[in-house]
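Since the structure comes first, as structure tokens, the remarks are kept for the end.
The values are calculated or read from the model by the stated rules, or taken from the named source; none is laboratory data. Here the structure is a predicted model, which means the values were calculated and not measured. Cβ sites come from the backbone with ideal geometry, for glycine too, and all protein chains shown count toward neighbours. Ligands, DNA and RNA are stripped out before the accessible areas are found, and what is left, the full protein with its side chains, is counted by its heavy atoms. Shrake-Rupley method; radii C 1.70, N 1.55, O 1.52, S 1.80 Å.
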Amino acid sequence: MAASDASTPQITLEFPIEEKDFFMAGESASRVKKILQQLGLGQDIIRRVAIIIYEAAMNVAIHGSHGQLEVHVDPVAIYVKTADEGAGIPDIELAMSEGFSTASDEIREMGFGAGMGLPNIKKNSDDLSVESKINEGTILRATVYLNSVTGP
């Protein structure tokens, strides 16, 4: 089926994410994936969006005290936004490096915090912005255009 057409409805989904709420991080990606499949969007778009949502929501669960995931679908693009209250990112450029992580030992022992979240989001996004303030939190905005053929 075509990646997008003018009949793609506008949908906004919101998911609250609490500290260490790894279930909601995975569940939000799964729920959005099912909705995008029902809309008939292309598998590449769905895969990229699911990766972005999972990684962004996991970052909130790992690094924030709480936050919100918002996903907006319209005929042009899928927009993913996370906003959290937390420690913030001291060096965004460094955090975009594969393998760089500030996750605690506890998080790493659980199998998370390998330092691939932001790099995976960047690889799968057509547009990405990250704003962060130390001891306040982080806002991440990622866009995947429905007519896009880019990505890994």
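With a 1.4 Å probe and all protein chains left in place, how much of the accessible area of the chain comes from carbon and sulfur atoms, in whole percent?
It is 52 percent, rounded to a whole number.
Using the 2.2 N^0.38 Å rule of thumb for compact globular proteins, work out how segment 63-152 stacks up: its C-alpha Rg over that value, please.
My calculation over the Cα atoms of segment 63-152 gives 1.14.
Under 10 Å, Cα contacts only: if you run a Gaussian network model on the chain, which one of ASN120, ASN135, ASN59 comes out with the highest mean-square fluctuation?
ASN135
So, R0 is 25 Å and r is the distance between the beta-carbons of ARG31 and ILE92; what FRET efficiency does that work out to, to 0.05?
0.30
Hey, what number do you get for the chain at 222 nm if only DSSP H runs of n ≥ 4 count, each worth -39500 (n - 2.57), divided across all residues, to the nearest 500? Write out the running numbers ahead of the final one.
Values: 5 runs with 55 residues, N = 152.
Counting only the DSSP helices, I get -11000 deg cm²/dmol.
Counting Lys and Arg as +1 and Asp and Glu as -1, what is the net charge of the other residues whose Cβ lies under 13 Å from the Cβ of GLU19?
Net of charged neighbours comes to -4.
In Å², and per residue, what accessible area does the chain have when probed at 1.4 Å with the other protein chains present?
With the other protein chains kept in place, the chain gives 52 Å² per residue.
When Lys and Arg each count +1 and Asp and Glu each count -1, what net charge do the other residues less than 12 Å away from ILE139, Cβ to Cβ, add up to?
-2
At 0.36 nm per residue, minus the direct Cα-Cα distance, what do LYS20 and GLU109 gain on full extension? Give it in nm, one decimal, please.
Full-extension gain reported as 30.7 nm.
For the chain, what is the largest minus smallest coordinate of the Cα atoms on each principal axis, given in angstrom and ordered from greatest to least?
Taking max minus min along each principal axis of the Cα atoms, the chain gives 45, 26, 26 Å.
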